[in-house]
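Note sheet for the following structure.
Since every read-out is calculated from the coordinates, none of them should be taken as a lab result. Because the structure is predicted, anything quoted here is derived from the model rather than measured. In this analysis, Cβ positions are derived from the backbone assuming ideal geometry, glycine residues included, and neighbour counts consider all displayed protein chains.
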Amino acid sequence: MAPKVWTRRRQAGAALEKVQTAIQSPQAPEPIPKPHSDLAALKADGDSFTFSSFTSDDAFELGTLLYARLLPYAQNGQSTLISIALANSSQVVYQTVTGPGITPDNECWVRRKRNTVLRFGCSSWFMRNKFGGDETAFAAKYAIGDAQKSDYAIHGGAIPIRVHGVDGLVAVVVVSGLQQHEDHGVIVDVIKSNWE
């Protein structure tokens, strides 16, 4: 079965309006839907997304929509790092933090989650559920030696982006700072709410 192809619902700039609203009219954080943990259900709904196109404008819109969605969490002391990178070069095309408290450790988590997606072609949340969070079993299965263990993380929060008609991954979207199911869930929620 062919994957659903997602198309952005709104014109460029709609995300900035949402940020302006979030700043001018602060609200309590909206709960983030919990993602599937069953592998088949996750693969069918929320492991990766295939877009009709994905340009730097799309990366900006997606990143800014994530920022608007996560800003209320930062206003309540839960800041996040949002990062979107191209898959072929790992060039970061969008990155920001939602508030104070983000540390270099969050950068390490972003890198490790992104590497997991790039190597295995699925979300880091999928890999977490595949191995029940067992990093030792994960490393043993894929012959990841001690020197490389710090290159990968099977913690939710990184999702691959594909483009219809293009082989392989095009980009990786990563959120770091909340609980891992929320890091994953917010990406899924924002895409489903703003693409159709």
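Among the residues making up region 150-196, those that are hydrophobic (A, V, I, L, M, F, W, C), part of a loop (DSSP other than H, G, I, E, B) and touching a residue at least 40 places away in the same chain (Cβ under 8 Å) are Ala153, Leu169, Val170, Leu178.
Only one of the listed residues (Trp125, Trp195) is under 16 Å from Leu66 (Cβ atoms), of a type in the set (Phe, Trp, Tyr) and touching a strand residue (DSSP E or B) at 6+ places or on another chain (Cβ under 7 Å). That residue is Trp195.
Out of Ile159, Ile187, Ile191, Ile144, one residue alone is under 11 Å from the mean Cα position of the chain (by Cα) and farther than 18 Å from Val110 by Cα. It is Ile191.
Residues in region 10-32 that are part of a loop (DSSP other than H, G, I, E, B), within 19 Å of the chain's Cα centre (by Cα) and either closer than 15 Å to Leu65 by Cα or among the charged types (D, E, K, R) (or both): Pro29, Glu30, Ile32.
I'd like to check something: does region 121-141 contain any residue that is of a type in the set (Gly, Ala, Ser), out of contact with any His (no Cβ under 9 Å at 6 or more places or on another chain) and within 17 Å of Ala44 (Cα to Cα)? Checked region 121-141: at least one residue is of a type in the set (Gly, Ala, Ser), out of contact with any His (no Cβ under 9 Å at 6 or more places or on another chain) and within 17 Å of Ala44 (Cα to Cα).
Meeting the requirement of 1 or more residues that are touching a residue at least 60 places away in the same chain (Cβ under 8 Å) and not hydroxyl-bearing (Ser, Thr, Tyr), the helices (runs of 4 or more DSSP H) wholly within region 46-149 are 56-75, 104-120, 124-130.
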